[in-house]
Amino acid sequence: MLEKSLEHLRDKNNLLAFSAGVDSSALFFLLLKNEIDFDIAIVDYGKRANSSDEVAYAKELAKTHNKKCFSKTIHLEDKNFEHSAREVRYSFFEEIIRDENYENLLTAHQLNDRLEWFLMQFTKGAGVVELLGFEFFEKRDNYNLIRPLIDTPKQKLLDFLKNNSIRYFEDESNSDLKYRRNRFRLEFSNSLLKDYEKGIIKSFEYLKEDKNQLFQLHIIKQIDELYILKNSNSDIENLRAIDKIVKKLGYIISSKQRSEILRQKEIVIASKIAVCISDKEIFISPYLKLIMSKEFKEKARVLKIPPKIRGYIWHKNILNQI
């Protein structure tokens, strides 16, 4: 299964999101073993005593195996740390992808992470799309996000590292139960996988097939990062479509933001992405607040383009393509 997933990466420009932990260290050496070309990128948040050692290890591995290593050091406030860290991390990765022309971003999420996410979403109230938020392949606007280990249990990665005497670092925060995800991992997902691994893997396969049959994305038009979708007149289907497109633009919508989208119809998410629902269409684009000409605004009004979308269209000069 793993070797088959790695074949998708052969002869491609791959960037591995590296942390020096169990999962990314295992993926690093599995890629080497399977002769897959890749470089690595690592972010140091300065939150733990050994974080600088992890960066040094990443650079050492890169030098030893003739890989490029991109690193970034940043200090974040404790408030909403995990959310902020994810935004900084992916912004850094996407900047590298643009500058260096990588095709794929590889993350080391594995089966335990997938089940943990599933259980967390299940307890919050979620549909099929949200429950299956972790997939092997996700198409983003200018790259592919690929999780080669998504069907591989963490224990197999640990066994691989130990059997091959490969060094890795333990993140002590992964045992801190103040983080909701850790509670789900330590109290539920790990023990379930220990006893029911094969059935869980098979269930995810069936659920993915069901999701593909149930949900079809109806894109009327895409121009750069502007998406115009068909309004299905179903709140659930519209939210699924919006969730998928916003994720392509690099952001994951919270349940509170979903409620606000339906309530307001025209909203800016995290000061970054505009989502506007009209009677027949849904407009989604990056949000830009710019000074526009009166002539442009009048044409946009006649075309019934929502005000929050107009800044991006003005910036890209694509009004005549709509």
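Values in this text are rule-based calculations from the coordinates and carry no lab data. What you see is a predicted model; the values in this text were computed from it and never measured. Don't worry about glycine lacking a Cβ; one is built from the backbone with ideal geometry, like all the others, and counts go over all protein chains shown.
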Discussion item. Less than 21 Å apart at the alpha-carbon level, and either on another chain or at least 8 residues along: which lysines does that give for K12?
Written reply: K4, K33, K63, K67, K68, K139, K248
Worksheet entry | Acute angle (nearest 10 degrees) that the helix 81-100 long axis makes with the longest principal axis of the chain, alpha-carbon atoms | 80 degrees
Worksheet item: Please state the relative contact order of segment 203-311 as a whole percent: Cα pairs under 8 Å, 6+ residues apart?
Response: 22 percent
Item to complete: Report, to the nearest 10°, how far helix 235-248 tilts away from the longest principal axis of the Cα atoms in the chain, using its own Cα long axis and a range of 0 to 90°.
Response: 60 degrees
Worksheet item: If you find the alpha carbon centre of segment 255-322 and of segment 124-139, how far apart are they in angstrom?
Response: 26 Å
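For the chain, give the share of DSSP beta bridges that are antiparallel, in percent and rounded to the nearest 5; count only bridges with both residues there.
Counting DSSP beta bridges with both partners in the chain, the antiparallel share is about 60 percent.
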Worksheet, complete the sentence: Of segment 26-55, those with amide N under 13 Å from the point 7 Å along the Cα→Cβ vector of L76 are 43-48
Fill in: Total charge dipole magnitude, the chain, about the Cα centre, Cβ charges on Lys, Arg, Asp, Glu only, Debye to nearest 20
1040 debye
Worksheet item: Once the Cβ-Cβ distance between I219 and E103 is put in as r, and R0 is 25 Å, what FRET efficiency do you end up with, to the nearest 0.05?
Response: 0.70
Practice prompt. Compute the long axis of helix 22-33 from its Cα atoms, compare it with the longest principal axis of the Cα atoms of the chain, and write down the angle in degrees, 0 to 90, nearest 10.
Written response: 80 degrees
